[in-house]
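Participant: Pasting a structure below so you can have a look.
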Ligand SMILES: C[S@@+](CC[C@H](N)C(=O)[O-])C[C@H]1O[C@@H](n2cnc3c(N)ncnc32)[C@H](O)[C@@H]1O
């Protein structure tokens, strides 16, 4: 028990952004089915959102084993009967663990037959990862979501290739100095990638701290 608790990680930004994100999710997510979260990170969002978004189910995921241990520890600390154990999903992978061709994660398959994935949520990933992760995310959303399914994305963006705030520009520089393949993405480029994958832009919402929520619908 203690070891699991020790695995909990803390990302202070989640405390600040979780309530505005929750408010929006409760409006834009389909009312039923399963939400697949890609890049859950610490798991703090998952344990906060899942109980408040019932009757939807919530499957968290992250390719980083330390993150998955943190998600599991948070889930044990703050359990919710609609929150499932974290899956190992790299958005860049051509097959995700929720798909029938993946290594059998059988409990999910029977569960997903009863509660199909109706939405994918992705918070603060595409700028802290190479562009291939964004391409992979859109390709996965196209494969997995049913018509009318929702892809929700949150993070900072450039608009028409311009930064929207000095703080975002400074963040972009710091990201690129850590990894030249990272960086704040241009909204119109990401929307175009989505369109190429049959994901129609529904709405863009201004969020606190110069972030955006961007909502797509699977055609
Ligand atoms: C800044 S954290 C954000 C975590 C969480 N969503 C949040 O807002 O606190 C970025 C996360 O993206 C994950 N990540 C990076 N590349 C990824 C990829 N290709 N597929 C899925 N997750 C990825 C990392 O492991 C990390 O947990």
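Computed from the coordinates by the stated procedures, all read-outs in this text should not be read as laboratory data. Fair warning: this is a prediction, and the values are worked out from it, not measured in the lab. Heads up, the Cβs are rebuilt from the backbone with ideal geometry, glycines too, and the neighbour counts pull from every protein chain shown.
Participant: Taking the mean number of other Cβ atoms within 10 Å as a proxy for protection, how do you rank 50-59, 91-100 from highest to lowest?
Facilitator: 50-59, 91-100
Participant: Need one number: % antiparallel among DSSP beta bridges in segment 2-218, to the nearest 5.
Facilitator: Once the DSSP bridges in segment 2-218 are tallied, antiparallel ones form about 45 percent.
Participant: Based on the Cα coordinates of segment 1-135, what is the per residue volume of their convex hull in Å³?
Facilitator: 112 Å³
Participant: If each of residue 188 and residue 203 carries a label point 7 Å out from its Cα toward its Cβ, how far apart are those two points in nm?
Facilitator: 2.4 nm
Participant: Going by how many other Cβ atoms sit within 10 Å of their own, how do 202, 153 line up, fewest first?
Facilitator: In increasing order of surrounding Cβ atoms, one gets 202, 153.
Participant: Distance from the Cα centre of segment 81-102 to that of segment 12-36, in angstrom?
Facilitator: 19 Å
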